[in-house]
1. What is the spin-label model distance, in nm, from Ala74 to Ser145 if the labels are put 7 Å beyond Cα along the C-beta direction?
2. Per q in 0.11 Å⁻¹, report the Debye log10 I(q)/I(0) for the stretch 59-155, using one uniform scatterer on each alpha carbon and no solvent.
3. Could you sort out which of Lys124/Lys172; Lys88/Lys128; Lys116/Lys154; Lys78/Lys116; Lys88/Lys116; Lys78/Lys154 sit more than 19 Å apart by Cα distance in this structure?
Amino acid sequence: MRISTILVTWALTAALVAACGASKKQESASEPAKREHPGSAMGEHAGKPMEPAAAEAADGPTICGRIELAPGLASKFKPGTTLFVFAKPQLGAGPPVAVRRYAPDGFPFPFCLSQKNTMVQGLKFEGKVYVTARLDVDASGVSVSTGDLEGVTKAPVEVGTQDLVLTIDTTK
């Protein structure tokens with residue numbers, strides 16, 4: 001692996017940790033059927049529902065939907081566990097294009113990713129991406145830990161999708 005690739009990966013991982021750990025305010029789903037404002041993870045418009053068209057107008061293209069928990073994993077979920085939702089251009093290793101941090105009280109849980117959630121300033125949130133929802137037991141956001149619960153889209157989805165249903169169905 002080239003040194004430049006390692007440095008870029010390290011810098012993006014550090015940015016992910018900083019972005020996700022900077023805010024002590026976390027969201028909870030008081031009304032799972034409502035879609036929350038994409039900026040609420042950073043404390044802006046917290047808890048306010050937002051229509052999909054307004055979400056796109058406010059922060060550029062979005063991917064919105066709901067996250068469900070497979071019935072067989074329901075007993076492993078603890079309310080308030082850190083939930084990371086992120087988009088990557090490919091499966092596997094590599095930095096995410098966009099990421100959000102939540103603290104759900106239950107499922108189904110609404111989410112939105114937008115340009116506002118990109119990892120690098122100026123990076124465009126566009127094209128097709130794989131979306132992952134991970135209940136992170138250690139809340140690090142950097143690596144997968146034993147006991148994390150995860151769901152990933154089976155195929156890439158187009159940025160602009162407004163009704164994505166993603167099921168957390170795997171234990172790590």
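Each value in this text was obtained by applying a stated rule to the coordinates, not by laboratory testing. Computed from a prediction, not measured in an experiment: that's the story for all the values here. Using ideal geometry, Cβ is built from the backbone for each residue, glycine included, and neighbour counts are taken over all protein chains shown.
1. 2.6 nm
2. So the normalised log intensities are -0.31.
3. Lys124/Lys172; Lys116/Lys154; Lys78/Lys116; Lys78/Lys154
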